[in-house]
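Structure below; questions to follow.
None of the figures in this text is laboratory data; all of them are computed from the coordinates on show. These figures come from a predicted structure and were not determined experimentally. Methodologically, a virtual Cβ is constructed for each residue, glycine included, from the backbone with ideal geometry; neighbour enumeration extends over all protein chains shown.
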Amino acid sequence: MNLATRPFYNDRAVHLALTGVGVMVFAVLVLFGMRLVDLSRTHRSLTLQAEAAERETAAVATQTARHERAAPTAALEALTAAAEEVNRLVERRIFSWTTFFNIIEQTLPADVMLTAVRPDADERGTIVDLALIGRSVADIEEFIRRLEGTGAFADVLARQGELNDEGMYRAQLRGRLVRVDETTVDANEPAGEP
């Protein structure tokens, strides 16, 4: 046998390389299979949780509808009235005294003095009663004009007025306070000047 004429094949290296590639493919397939099984379990668990949540939601909706049908109309009306009262109380709580007095200070003429303030809430908003003393009726009218000019007050009316013993005019004003915010106050207008 002549070895020079016979080709030499390295079958072992080829088989070894193919076996290595096969082992890697098998390992990848096993890893993907394990991941697929894990994702399948997670999907099944989430599906069961979603179904349980849907059943619970349906049960709560049924129970709510049953309670709404069972509740007497008078109780619902009382609840509505109580909610409106709470809203009025919250509105009173939101009333900003600082902003209110800034507006008063900006609009009060030099010859008018504020002696009392009483806010009250109704269904349309906050009503404010003001007690004033002024040197003349014109000064009090100027104050009313300025208040309404700010946009923070509406429907300001003099409910009562009288001349006192010192020659000053005492007046009771009542007006509706529109939603007051810091932009209502004009910081450039000096207090007490026409």
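Using packing as a proxy for protection, rank 165-174, 118-127 so that the peptide with the highest average count of other Cβ atoms within 10 Å comes first.
165-174, 118-127
Let me ask you something else. If packing is taken as the average number of other Cβ atoms within 10 Å across a peptide's residues, how do 152-163, 34-45 rank, most packed first?
So the order, starting with the most tightly packed, is 152-163, 34-45.
Scan around Ser136 for amide H atoms under 5 Å from its own, H built in the peptide plane at 1.01 Å from N, and keep only partners 5 or more places away or cross-chain.
Excluding prolines and chain starts, which carry no amide H, the hits are Tyr169.
Could you sort 138-148, 46-56 so that the peptide with the highest average Cβ count within 10 Å comes first and the rest follow in order?
Taking the mean over residues of other Cβ atoms within 10 Å, the ranking is 138-148, 46-56.
Now for a separate question. Please compute the length gained on full extension between His43 and Arg176, using 0.36 nm multiplied by the number of residues separating them and subtracting their Cα-Cα distance.
Using 0.36 nm per residue and subtracting the Cα-Cα distance, I get 41.8 nm.
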